[in-house]
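Novice: Sharing a structure below in structure tokens format, with a few things to ask.
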There are 2 protein chains.
Amino acid sequence: MTTLHDCQQRDAADPLRPLRELFSVPKGLIYLDGNSLGVMPKSAPARAAQVVGQEWGQGLIRAWNAAAWFDLPQRLGDKIAPLIGAGPGEVVATDSTSINLFKVLSAALSIAANDQPARRTIVSERSNFPTDLYIAEGLCAQRGYTLQLVEPDEIGAALGTDTAVLMLTHVNYRTGAMHDMAAVTKAAHAAGALVVWDLAHSAGAVPVDLTGAGADFAVGCGYKYLNGGPGAPAFVWAKPLHAQRTDLRFLQPLSGWWGHAAPFAFTPDYQAAPGIERSLCGTQPIVSLALLECGLDAFKAAEPLGGIAALRAKSLALTDLFIALVEERCQGFGLGLATPRDHARRGSQVCLTREHAAGGAEDGSLGSGAFAIMQALIARGVIGDYRAGDGGVHKDILRFGLTPLYIGYGDVWNAVEQLRQVLVSGEWKLPAFHQQHAVT
Amino acid sequence: MTTLHDCQQRDAADPLRPLRELFSVPKGLIYLDGNSLGVMPKSAPARAAQVVGQEWGQGLIRAWNAAAWFDLPQRLGDKIAPLIGAGPGEVVATDSTSINLFKVLSAALSIAANDQPARRTIVSERSNFPTDLYIAEGLCAQRGYTLQLVEPDEIGAALGTDTAVLMLTHVNYRTGAMHDMAAVTKAAHAAGALVVWDLAHSAGAVPVDLTGAGADFAVGCGYKYLNGGPGAPAFVWAKPLHAQRTDLRFLQPLSGWWGHAAPFAFTPDYQAAPGIERSLCGTQPIVSLALLECGLDAFKAAEPLGGIAALRAKSLALTDLFIALVEERCQGFGLGLATPRDHARRGSQVCLTREHAAGGAEDGSLGSGAFAIMQALIARGVIGDYRAGDGGVHKDILRFGLTPLYIGYGDVWNAVEQLRQVLVSGEWKLPAFHQQHAVT
């Protein structure tokens, strides 16, 4: 049996352990929800004070140049690039993931419509993150495309002569299952389709090599594993070949001033900037954007310690440990594993299912009990989150994100111990833990 | 002749003068660029520290509920509503002005395409803010519409049986000229067109009555007269009749999770929220969004002092004074007035033209000299901005925004005196003032 002492020894020997000191983890909390909102870097409050009090308060309009606000999308993009296998100048930080997905999916459709107009279908996963599907639905309705949703193991068969774009999220938000980006991209290209990747649960958590995989477009989130703060701007990448296309005047229709080739010429006609800058649109929320840099700088600090490869190795060790401890210590409570055991297919989270039949109250009124179990766990200071199933193939999920920048082996042991106590005590059956309210 | 003493006496007698104390105007600066980036409310640094250090740092994911992050778009929208003649629940603060314009213009086209499919033209002003035209261009290219650009006095004649949408900015960014919203809306409706208003230079500066005018859609900016901070999220309004339409599933295609009727149901199919919330898309930049509330609260504080009507009266007095002083004290330097003298047609800025022939250096190489004059003025601590002309009908512009919340009559006198000294001394001809760099 693995003991807490074993885990504490692993923490003591962990060369990445000092990175935790860059983050302000609230005392008494084991925070396993960094895949929803990352922990605050300690540098963030001072940076916020600087941007607000100094740059805005004192600099005012002059800060656009003096504080280099104009450079933020590119400067931050260049810090994201090495985490996702993109080159310098190929990524910008801007807007939200949903809006960036609209941009790249629009661009992919523009290219497909121009180069291969007979292709009229976007293929995606039925269990993709819902907002990705909503964006695709809206765009399909507007542009006369069809959205075809399939199960993960049906993707290869779904790719055909009608497929314009394959749109996938690299790491599934409900299960932590990860696609083989290179293989899937290759298969899509072989079928003649373009590939759009959503890296929301990948960037900063697992190594990504967009260039190596030959991907076409990607977007990702700033506030999950990149620790950029609540609603931090997202990022967008396009293969340079696509970003630089000049034959398509509106690669995507969010053609605002910041994506113009000469944004200060104030000419009445739109002319797209020649690279990924054409993905920029309107004026960016500078304070939120500036804070994203605090999160990105933690990855700079990780570089001499092995960078994203070392973080990945630790992440796998953490998720392995979590799985092992749950299986050692929480048997008999109807928990199952939704996350793949295969390292090559696992993101940085562990998702546990809970059998409906195992659920609370003798009359079955508590369903699987997963929601209440998570509430009880949160009350004990262990924060993960809950994702409802559909009553069918998708079961209710207890989701635990393990961010190797600030989570340790001891945290994992303690978290599983609290879970065990919640299950053994049955305290989750108390009415207080059954009131649902909005949680992202 | 008006003296500085006269102006100081007006300040002393100004019942709105205490509002200035809510803002952190840098010492030694006369800031006449609040129409580009408003001054920081004194409450902003503490609010930033709270959102970052407490809500994010300590609350983490729990802050979505505990700190009511989810309510911000609506709560802030309800504070904007009375400034623009909208009802409670009709406005949300979100995304950028450009992106919101894309949403409402998309929605207007969706309605037009459904109700009056033969109408295929968007009419706008050639001198509209360029990003508005870029967005319209992108959308026209995608949806097969034509963008027809006309001069302000040609709008009435341009409206016809082919007009789907009239898209205008209420107060022109280059001249400060204001449209008669009620009359123009009425004329457009008489022609069967929908009307989209951009209130970027109106909201918080002049009274706006969208409901009274019977307008269809509107967007506006959070960081100009609303003093929300650099790149603060913008706002969006739709006539409830439009926002509540259920026959058009995708009123606009930026159909992200936050605009879903049940955002936490995580259903794979999009179903739009039943009101203006359908304009929400992805996760918002919470820190920037929260800071916008500091700016909006200044308008709450202005309410017992007469609110937006009293601010408007002061704004007109300030712009009247500015015009009078320039005409009294800066004669003979080739300055002209771009801003209408008619109160009913004037926003909250004064824009001066500078004749090209009057421009610097005996060889004419300095053009109108307007750019350099503004640089020299900024060096003296008076911040306005410069907008280049087109060498034809649009002259180079010196632009001065007069925000009645924090600008006084004495400021106006001192600003014009500094302008006079720049012109009399000819110091603007120094090479240091001729280097152009990006200024928004």
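Only the coordinates and a few stated rules stand behind these numbers; no lab work does. Note that the coordinates shown come from a computational prediction; the quantities given were computed from them, not determined experimentally. Neighbour counts run over all protein chains shown; Cβ positions are idealised from the backbone, glycine included.
Novice: Per residue and in Å³, how big is the convex hull formed by the alpha-carbon atoms of region B:164-253?
Specialist: Measuring per residue, one finds 115 Å³ for the Cα hull of region B:164-253.
Novice: Any of A:Lys42/B:Lys27; A:Lys224/A:Lys300; A:Lys103/B:Lys103; A:Lys103/A:Lys239; B:Lys239/B:Lys314; A:Lys42/B:Lys79 with alpha carbons more than 21 Å apart? Name them for me.
Specialist: Over 21 Å Cα-Cα: A:Lys42/B:Lys27; B:Lys239/B:Lys314; A:Lys42/B:Lys79.
Novice: Another question, then. Antiparallel DSSP bridges in region A:46-300: what percent, to the nearest 5?
Specialist: 35
Novice: Follow-up. What ³J(HN,Hα) values, in whole Hz, does the Karplus curve 6.51 cos²θ - 1.76 cosθ + 1.60 give for region A:32-43 when θ = phi - 60°, with x put for Gly and Pro?
Specialist: Per residue, the Karplus-derived 3J(HN,Hα) values read 10, 10, x, 7, 10, 8, x, 5, 6, x, 4, 6 Hz.
Novice: To the nearest µm²/s, what D does Stokes-Einstein give for region A:28-113 at 25 °C and 0.890 mPa s, using the Kirkwood radius over alpha carbon pairs as Rh?
Specialist: 154
Novice: With contacts defined as alpha carbon pairs under 8 Å and 6 or more residues apart, what's the relative contact order of region B:1-89 in percent?
Specialist: 14
Novice: Something else: Can you work out D for region A:107-156 in µm² s⁻¹ from Stokes-Einstein, where Rh is the Kirkwood radius over C-alpha pairs, the temperature is 10 °C and the viscosity is 1.306 mPa s?
Specialist: It diffuses with D of about 139 µm²/s by this estimate.
Novice: Which longest run of chain B has no exposed loop site in it, a site being trypsin sites (Lys or Arg not before Pro) in a DSSP loop with at most 12 other beta carbons within 10 Å, and the site itself not part of the run?
Specialist: Answer from the scan: B:28-340.
Novice: Right, another one. Could you tell me the relative contact order of region B:46-300? Use alpha-carbon pairs under 8 Å, at least six residues apart, and round to a whole percent.
Specialist: 23
Novice: Using only helices, what value at 222 nm comes out for chain A when you add -39,500 (n - 2.57) per DSSP H run of length 4 or more and divide by the total residues, to the nearest 500 deg cm²/dmol?
Specialist: The per-residue figure over chain A is -10500 deg cm²/dmol.
Novice: Taking H placed 1.01 Å from N in the peptide plane, check which residues at least 5 places from B:Val382 or on another chain put their amide H under 5 Å from its amide H.
Specialist: B:Ile30
Novice: Out of the DSSP beta bridges found with both residues in chain B, what percent are antiparallel (nearest 5)?
Specialist: Around 55 percent of the beta bridges assigned by DSSP in chain B are antiparallel ones.
Novice: For region B:76-201, what are Rg and Dmax over the alpha carbons, in angstrom?
Specialist: For region B:76-201, the Cα-based Rg and Dmax read 14.1, 38 Å.
Novice: Dipole size in debye (nearest 20) for chain B around its Cα centre, Lys and Arg Cβ +1, Asp and Glu Cβ -1?
Specialist: 500
Novice: Per the Debye formula with a single identical scatterer at each Cα and no solvent contribution, what log10 I(q)/I(0) holds for region B:1-151 at q = 0.11, 0.15 Å⁻¹?
Specialist: Cα-only, vacuum Debye calculation for region B:1-151: -0.78, -1.07.
Novice: Taking amide H atoms as placed 1.01 Å from N in the peptide plane, list the residues 5 or more away in sequence, or in a different chain, whose amide H sits under 5 Å from that of A:Ala272.
Specialist: Residues meeting the amide H criterion: A:Ala261.
Novice: Which shape class applies to the protein assembly as shown: rounded if a/c is under 1.5, otherwise prolate when a/b exceeds b/c and oblate if not, where a ≥ b ≥ c are the square roots of the Cα gyration tensor eigenvalues?
Specialist: It is prolate, given that a/c is not under 1.5 and a/b is the larger ratio.
Novice: For q = 0.12, 0.15, 0.16, 0.17 Å⁻¹, what log10 I(q)/I(0) does region A:46-300 give under the Debye formula with an equal point scatterer on each alpha carbon and no solvent?
Specialist: Treating every Cα as an identical point scatterer, log10 I(q)/I(0) equals -0.67, -1.02, -1.15, -1.28.
Novice: While we're looking at this one, here's another question. Using Cα positions and a limit of under 23 Å, work out the lysines in reach of B:Lys395, with same-chain residues fewer than 8 apart set aside.
Specialist: Answer for B:Lys395, where 23 Å is the Cα cut-off: B:Lys429, listed by chain and number.
Novice: Another question, then. Running a GNM on chain B with Cα contacts under 10 Å, which residue among B:Ala290, B:Ala182, B:Ala190 ends up with the highest mean-square fluctuation?
Specialist: B:Ala190
Novice: Using all Cα-Cα distances in region B:215-304, what percent lands in each 10 angstrom bin from 0 up to the longest?
Specialist: 16, 37, 33, 13, 1
Novice: Residues with amide H under 5 Å of A:Leu194's amide H, sequence separation 5 or more or different chain, H placed in the peptide plane at 1.01 Å from N; which?
Specialist: A:Val165, A:Leu166
Novice: Let me ask you something else. Can you classify region A:210-263 as rounded, prolate or oblate using the Cα gyration tensor, where a ≥ b ≥ c are the square roots of its eigenvalues, rounded means a/c under 1.5, and otherwise it's prolate if a/b beats b/c and oblate if not?
Specialist: Note, shape of region A:210-263 comes out oblate.
Novice: OK, next. Which residue, B:Cys351, B:Cys221, B:Cys330, tops the fluctuation ranking in a GNM of chain B built on C-alpha contacts under 10 Å?
Specialist: B:Cys330
Novice: First measure r as the distance between the Cβ atoms of A:Glu154 and A:Asp115, then evaluate 1/(1 + (r/R0)^6) with R0 = 22 Å and state the FRET efficiency to the nearest 0.05.
Specialist: For R0 = 22 Å, the calculated efficiency reads 0.30.
Novice: Sticking with this one: Run the Debye formula on the Cα coordinates of chain A, all scatterers equal and no solvent, and tell me log10 I(q)/I(0) at q = 0.10 1/Å.
Specialist: Log10 I(q)/I(0), no solvent term: -0.73.
Novice: On to the next question. Viscosity 0.890 mPa s, temperature 25 °C: what is the translational diffusion coefficient of region A:145-190 from Stokes-Einstein with a Kirkwood Rh over Cα pairs, rounded to a whole number of µm²/s?
Specialist: Estimated via Stokes-Einstein, D reaches 214 µm²/s.
Novice: Can you give the FRET efficiency to the nearest 0.05 for A:Asp71 and B:Phe264, using r as the Cβ-Cβ distance and R₀ = 56 Å?
Specialist: 0.95
Novice: Just want the answer: with Cβ charges of +1 for Lys and Arg and -1 for Asp and Glu, which residue in B:His5, A:Ala187, B:Gly334 is farthest toward the dipole's positive end in the protein assembly as shown?
Specialist: B:His5
Novice: Another one. Which residue, A:Leu83, A:Pro230, A:Ala158, has the largest displacement toward the positive end of the dipole of region A:46-300 when charges sit on each Cβ (Lys, Arg +1; Asp, Glu -1)?
Specialist: A:Pro230
Novice: With charges only on Cβ, +1 for K and R and -1 for D and E, what is the dipole size of region B:46-300 about its Cα centre, in debye, rounded to 20?
Specialist: 340
Novice: Between 0 and 90 degrees, rounded to the nearest ten: what's the tilt of helix B:97-115 against the longest Cα principal axis of chain B?
Specialist: Taking the Cα atoms of chain B, the angle to B:97-115 is about 50 degrees.
Novice: I want to verify a result. In a Gaussian network model of chain A, Cα cutoff 10 Å, which of these has the top mean-square fluctuation: A:Val382, A:Val236, A:Val171?
Specialist: A:Val382
Novice: Also, I was wondering about something else. Considering only B:Val208, B:Ala141, B:Leu316, whose Cα is most displaced toward the positive end of the charge dipole of chain B, charges sitting on Cβ of Lys, Arg (+1) and Asp, Glu (-1)?
Specialist: Sorting the options by dipole projection puts first B:Val208.
Novice: Over chain B, calculate the relative contact order: mean separation of alpha carbon pairs under 8 Å at least 6 apart, over the residue count, as a percent.
Specialist: Dividing the mean separation by the residue count of chain B yields 21 percent.
Novice: Quick one: putting +1 on the C-beta of Lys and Arg, -1 on the C-beta of Asp and Glu, what dipole do you get for the protein assembly as shown around its Cα centre, in Debye to the nearest 20?
Specialist: With only Lys, Arg, Asp and Glu charged at Cβ, the dipole is about 600 debye.
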